[in-house]
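Visitor: Handing you this structure, nothing more for now.
The values are calculated or read from the model by the stated rules, or taken from the named source; none is laboratory data. All values derive from a computational prediction rather than experimental measurement. No Cβ is skipped: glycine too gets one built from the backbone with ideal geometry, and neighbour counts run over all protein chains shown. Accessible surface areas use protein heavy atoms only, side chains included; no ligands, DNA or RNA. Shrake-Rupley method; radii C 1.70, N 1.55, O 1.52, S 1.80 Å.
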Amino acid sequence: MQFIRVNTLKINPDVLKKRLEDKGVVLKETFLDYAFEVIKSPFSIGSTPEYLFGYYMPQSISSMIPPIVLNPKEQDFILDMCAAPGGKTTHLAQLMKNNGTIVAVEISKTRVKALKSNINRMGVLNTIIINADMRKYKDYLLKNEIFFDKILLDAPCSGNIIKDKDRNVSKEDIKYCSLRQKELIDIGIDLLKEGGELVYSTCSMEIEENEEVIRYILQKRDDVELIKINKDEFKGINVKSGYIEGTLRVFPPNEPFFIAKLRKI
Ligand SMILES: C[S@@+](CC[C@H](N)C(=O)[O-])C[C@H]1O[C@@H](n2cnc3c(N)ncnc32)[C@H](O)[C@@H]1O
């Protein structure tokens, strides 16, 4: 299944739809008025002039859910803790209509290049890119008392190993990912303003990387609570409740995803 997210910072979804359809692309509506499923395309959807103009982002429909759940407002101060290549950063900027501020942090120098290029291509103007390890960069933020209204933690996970490195995952990989995710979510809560909200997501199916991380943070800290996500918002997507009520799991044929929302109290 292939989907595109129309970049409403640059073009109206109906205008782009007509433009692609005139070139022979067959598109199907989704629960989002700015996202379409690509049913058929005579050419690669990642190499059209419209793509290069930044009119859309090819990405799974599941990966559009975390920014929607975070629900950024136009004046929000947002931290995107693991940002590259920027599918979700550019989506957040679009929802904020290029207002407010996003701090997009990415550890990998190579992946920062892709993040920069997507941000430029898509006309995003409200984002500061930081090439740093969140586990160290948090010290700078805390020392300067910089706290955020909303945080997206789209955590590195074993699903990325399968996709990026094209190999199977071992029990050790899952354990390693789970430990890193627990460390990152704890940092995320530290960096939230009181009443601020954090969305945690992974493209892994493993309980250790999903519900276990949420259970860990809810047990470890008494300044955080779970906000229940309404799964009925995502019509046409194979979304079910996670193993903790109020969390979400997306299942095949859609890209597997886990999404949870927390509030700092
Ligand atoms: C799942 S990917 C993020 C995808 C991205 N949110 C998007 O929608 O395009 C996870 C990213 O986190 C980065 N990362 C891993 N550990 C990190 C850390 N400690 N600090 C910042 N970024 C990190 C990885 O290099 C990778 O690019």
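Visitor: Looking at region 149-160, which of the residues that are closer than 26 Å to Ser204 by Cα and assigned to a strand (DSSP E or B) is nearest to the ligand (Cβ to nearest atom)? Step through it out loud before you land on a result.
Guide: Pass one, region 149-160, residues closer than 26 Å to Ser204 by Cα: 150-160.
Cutting the leftovers down to assigned to a strand (DSSP E or B) gives us 150-154.
Numbers: Lys150: 14, Ile151: 12, Leu152: 7, Leu153: 9, Asp154: 4 Å.
My answer is Asp154.
Visitor: Right, another one. Taking strands (runs of 3 or more DSSP E) that fall entirely within region 202-265, which contain at least 2 residues that are surrounded by 14 or more Cβ atoms within 10 Å (Cβ to Cβ)? So that I can check it myself, show each step before the final result.
Guide: Working: elements: 224-227, 239-241, 248-250, 257-264.
Filter on region 202-265 gives 224-227, 248-250, 257-264.
Visitor: I'd like the residue in region 22-43 that is closer than 18 Å to Asn254 by Cα and basic (Lys, Arg) and, out of all such residues, is least open to solvent (accessible area, probe 1.4 Å).
Guide: Lys28
Visitor: Could you tell me whether any residue of region 146-166 is aliphatic (A, V, I, L, M) and at pLDDT below 95? Before you say what the answer is, go through the steps one by one.
Guide: First, the residues of region 146-166 that are aliphatic (A, V, I, L, M): 146, 151-153, 155, 161-162.
Subset that is at pLDDT below 95: 161-162.
The answer is yes; a qualifying residue exists.
Visitor: Still on this model: Here are some residues: Glu212, Glu145. Which one is at negative phi and either over 19 Å from the mean Cα position of the chain (by Cα) or touching a residue at least 60 places away in the same chain (Cβ under 8 Å) (or both)?
Guide: Working: Glu145 fails: at negative phi.
Exactly one of Glu212, Glu145 is at negative phi and either over 19 Å from the mean Cα position of the chain (by Cα) or touching a residue at least 60 places away in the same chain (Cβ under 8 Å) (or both), namely Glu212.
Visitor: Continuing with the same structure: Please identify the pairs in which a residue from region 171-189 that is open to solvent by 10 Å² or more (accessible area, probe 1.4 Å) and in a helix (DSSP H, G or I) has its Cβ atom under 9 Å from the Cβ atom of a residue that is among the basic types (Lys, Arg) and more than 12 Å from the ligand (Cβ to nearest atom), counting only partners at least 6 apart or on another chain.
Guide: Cβ pairs passing all conditions: Lys182/Lys220; Asp186/Lys220; Asp186/Arg221.
Visitor: Go through region 59-92 and count every residue that is in contact with a strand residue (DSSP E or B) (Cβ under 7 Å, 6 or more places away or on another chain) and away from the ligand (no atom under 12 Å from the Cβ).
Guide: 6
Visitor: Turning to a different aspect of this structure: Please note which helices (runs of 4 or more DSSP H) are completely contained in region 44-143 and include at least 1 residues that are of a type in the set (Val, Ile, Thr) and surrounded by fewer than 21 Cβ atoms within 10 Å (Cβ to Cβ). First the steps, then the outcome.
Guide: Numbers: elements: 49-52, 65-70, 87-95, 109-121, 134-143.
So the answer is 65-70, 109-121.
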